[in-house]
Amino acid sequence: MSRKPFIAGNWKMNMTVATGTKLIEELKPIVKEAKCDIALCVPAILIPAMVKAAKGSRIKIGAQNVHFADHGAFTGEISADMLKDYGIKFVIIGHSERRQYFGENNDTVNQRTLAALKAELTPIVCIGESLSERDGGKTEEVLTRQLEFGLHGVEDVKNVVIAYEPVWAIGTGKTATDEQAQETIKFIRKKLSKMFTVKDANRVRILYGGSMNAGNCKGLMAQPDIDGGLIGGASLKTDFAKIVNFNK
């Protein structure tokens, strides 16, 4: 089944209105004929300005988090409806940094995912194992747990994007090969087919989030089960366009 490639940038806690606008203006003409969907997930405070900067282009602006409640006493959080006010479609949920630094867990990932789907946002649900978990042979066990808990109660999985980010390949000096990434993402798709149906699992776009860049994107994107990338540092510069245009 053909799945449209999807390249999503994650700016994390970087950029200002000026630098973000400048980058988007530089990217717009060089990604306009890309054969994939494109999103830049930016800090919440930058969303209005970046939506304005990207208007009329192929670039969609996404968010980096969403709360599971519609409203309430949740200081510092942002609801799905607030994001929708600015035309946001995509939102990252459960990124490894949110899990590591801010107490995100499989239960809160599930609640945020359900809230996003209820609001007709597309959640980019992040999963991945640590170095110790991989070395201990627990990769499939960890990913299974993250998928089963994180997607519990999801009725239509084709509206979810999965981002596999091997935490062990980020900042450790170790690098996942194209074959390792494909093998693990193939397992994820197989697991989804058991949780839902083979047809629906084959419609889910699964991104690779382990430091994809302009140098390794072609090899990764050539793998049959890898549908795109969740790009960190490389999304902060115009080289991001080389990843978006991976097939040129």
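Every number here is computed from the coordinates shown, using simple stated rules; none is lab data. Treat the numbers as computed from the prediction; the structure is a model and nothing was measured. Quick reminder, even Gly has a Cβ in these numbers, built from the backbone with ideal geometry, and neighbours come from all protein chains shown.
What the table shows:
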| item | result |
| --- | --- |
| TYR101, TYR164, TYR208, TYR86 arranged by Cβ crowding within 10 Å, fewest neighbours leading | TYR101, TYR86, TYR164, TYR208 |
| Pair ASP70, SER2: separation of 7 Å Cα→Cβ label points (nm) | 4.0 |
| Under 9 Å, Cβ to Cβ, from PRO5 - net charge with Lys/Arg +1 and Asp/Glu -1 | +2 |
| For the stretch 82-97, Karplus couplings with θ = phi - 60° (6.51, -1.76, 1.60), whole Hz, Gly/Pro x | 4, 5, 5, 4, 9, x, 5, 10, 10, 8, 6, 9, x, 4, 4, 6 |
| Cut-off 14 Å (backbone N to label point 7 Å along Cα→Cβ of LYS237), residues of the stretch 206-228 | 213-216 |
| 17 Å Cα-Cα reach of LYS55 towards aspartates and glutamates, excluding residues that sit fewer than 8 places from it in its own chain | GLU25, GLU26, GLU33, ASP37, ASP85 |
| Length gained when the stretch SER57-LYS32 is fully extended (0.36 nm per residue, less Cα-Cα span) | 8.3 nm |
| The stretch 6-244, relative contact order [Cα under 8 Å, separation at least 6], % | 21 |
| Greater than 21 Å apart at Cα, pairs in LYS12/LYS191; LYS52/LYS237; LYS138/LYS218; LYS52/LYS158; LYS89/LYS191; LYS12/LYS60 | LYS12/LYS191; LYS138/LYS218; LYS52/LYS158; LYS89/LYS191 |
| Label-point separation in nm, SER132 to PHE102, each point 7 Å along Cα→Cβ | 2.4 |
| Cα centroid of the stretch 145-159 to Cα centroid of the stretch 209-248, whole Å | 26 |
